[in-house]
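These notes concern the structure reproduced below.
The values are calculated or read from the model by the stated rules, or taken from the named source; none is laboratory data. What you see is a predicted model, and the numbers here were worked out from it, not measured in a lab. Counting neighbours? That spans all protein chains shown, and the Cβs are built from the backbone with ideal geometry, glycine included. Areas reflect the complete protein model, heavy atoms only, side chains present, ligands, DNA and RNA absent. Shrake-Rupley method; radii C 1.70, N 1.55, O 1.52, S 1.80 Å.
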Amino acid sequence: MSRSLYSVSAVSYNWFPPSCARCGLGSIMAGSWWMCCRRLNGGFTTSGLTETLRCFSGQSAYSSASPTARPSWSSAPGKERPLFPAQIHSKALNLNPSLLRHRSSSLYPTLRYCGCRTTHSDAKLRDPFTLAQKDLTSLYDDIKKELFVAKTELKYLCDYYFDGRGKAIRPIIVILMARAMNIHSNRAGDLLPGQRTIAMISEMIHTASLVHDDVIDGSDERRGKKSINDVWGERKAILAGDFILSAATMALARIGNSAVVKVVSQVIEDLVRGEFMQLGSKENENERFKHYLEKTYKKTASLMAHSCKAVSILVNSDPEVHEIAYQYGKNVGIAFQLVDDVLDFTSGAEQLGKPAAADLKLGLATGPVLFACQQFPELHAMIMRRFSSKGDVDRAWQYVLQSDGVQQTTYLARRYCEEAIRQISRLRPSPERDALIRLTEIVLSRDK
C-alpha cells in the first residue's frame, strides 16, 4: 500500500508528501498531516524561499550544513528521490513509471536538499519579468492578429482582456521554460517559433476559460474592469470564449507536431472536468481535500504543466526532460492557486481586481476553509450546503480568520514551490532556469 497521504485508486493521485522532512513522521495519515502542518507552519515566511532548498538525501531536517552549501552540478548519479508533494498519475500521460527514476547521470545534477537554510548556487537570481520582456513585448499584438475577424463587435470582445493588464504569468513561465530547455539541450537560448506559439496559446486558453468562468459564476468584474458577460451579455460572452479557443486550436495545429497537439489538448479536457468538479463536493473530510486539490490541478495547474511540457518536446526527445518541465509547471500551478485562494481572505477587492470573499459567495470551500474546518467543525454543515443559508458567508469568513487556515494553506503552497525548485534545479544552470526558481518566490509573496 502506498505510504502517501491521499491516494485515489482510480487515477493514482498522490497529493501530499509521503513523509514530513522536519518532524520525521513516516506515513502521514490524514489527521497527522493536519497536525503536522500546524506544527511546522510557524517557522516559514514567504520572503526566503530561495534559501530553503532542502536535502532529499535522507539526512535529518535539523542537520547542520555549511553556509555555502548548494545544489551541485555533478556527474555522480543521485539516489531515487520522492516526487512530492504530488505526482500526477503516469497513466494519463502515457508515461512509464521508470521514467520518473534517475536513469541518466548526465541528465540530473546531484541535488542535495538540506534541512537548514542555504543559499542557492547563484548569488543573485534573475528577475523573470526582465528576462521574458523581450519575448512578451509583442505577444499580445500577435494574439490579436490570431483573433482577427472582420466583424467589429466580435473582434472587440475577443481583444477585451488582451490589453496587457493581466499577470501574464503563464506565458512568462512558458517562455522561460522554453529558453531554459533550449540551453539545457545545447541550443541557443532564443525561442523557437513553435515555442513562442505555445506561449501565446497558453494565454489564449487561459483567457477563454476566464470568459466562460465569469458566465458560469455570474461575475461582473474581472481584472479591475467589467466582465465581458456584464457588458455584452452571457450569449456573446460564451461565443467570444469559444472563438478564442478555436483560434488557439488553429494556432496549435499549425505547429505541426502531433505530440505537442496531444499534450496541449489535454488542457482543454482538464479545464472542463475541473469545472464540473467545482460544481460538486465531498462529505468525507479526506475525500474533500483530495477533491479540492485535484480540481485545482485540472483548472489551474494543468495548463502550466502541459504548456511547459510542450515546449520541452519541441527541443528535446528525452521523456525525463519532458517530465521535469511538466512537474515544475504542475507544482508552481498548484501553489499559484493555493495562494490565490489565500488572497480571497487577505486582500481587498481593489487589489484583486475582483470582489473579495468571492469563493465563499459562490459556495466554494477552498484550502483556508478546509483547514479551518479542523478547528471549527461548524463549517462542515456550511460546506455541504455551499454556504447557502443566511449568514453562512460571514460566519465562515470569521471562522477562517480565527483559525490557522490561511497559514496552513500558505505552508502547503510553499511545499509545492519547494518541489518545483527541486525539479527545475535538475536542468543545466542558466539565467532562465534561475529565473524560474525566483518565480516560485514571487508566486508565494504576491498580493494580487
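Would you mind classifying the range 128-445 by shape? Square roots of the alpha carbon gyration tensor eigenvalues, ordered a ≥ b ≥ c; an a/c under 1.5 is rounded, otherwise it is prolate if a/b is larger than b/c and oblate if not. Because a/c hits 1.5 or more and a/b fails to exceed b/c, the range 128-445 counts as oblate.
Would you please classify the overall shape of the range 274-354 from the alpha carbon gyration tensor, given that a ≥ b ≥ c denote the square roots of the eigenvalues, rounded means a/c under 1.5, and beyond that prolate means a/b larger than b/c while oblate covers the rest? Intermediate results must be reported in sequence, preceding the final value.
Values: a/c = 2.84, a/b = 1.57, b/c = 1.81.
Oblate.
Enclosing the Cα atoms of the range 364-446 in their convex hull gives a volume equal to 97 cubic angstrom per residue.
With the simple model of a label 7 Å out from the Cα in the direction of the Cβ, Asn257 to Lys151 spans 3.4 nm. Remark: the Ile238-Ala357 segment gains 40.4 nm on full extension, using 0.36 nm per residue and subtracting the alpha carbon distance. Cross-link partners for Lys290 among the lysines, with Cα-Cα distance under 26 Å and sequence neighbours closer than 8 places in the same chain left out: Lys91, Lys282, Lys298, Lys299, Lys309, Lys330, Lys361, Lys448. The Cα center of the range 371-398 and the Cα center of the range 402-434 differ in position by 29 Å. Annotation: aspartates and glutamates with alpha-carbon distance below 13 angstrom to Lys225 (same-chain offsets under eight excluded): Asp163, Asp214, Glu350.
In the complete set of protein chains, residue-level accessible area for Asp318 is approximately 40 Å², probe 1.4 angstrom. Computed over protein heavy atoms with a 1.4 Å probe, the accessible surface of the range 128-445 works out to 37 Å² per residue.
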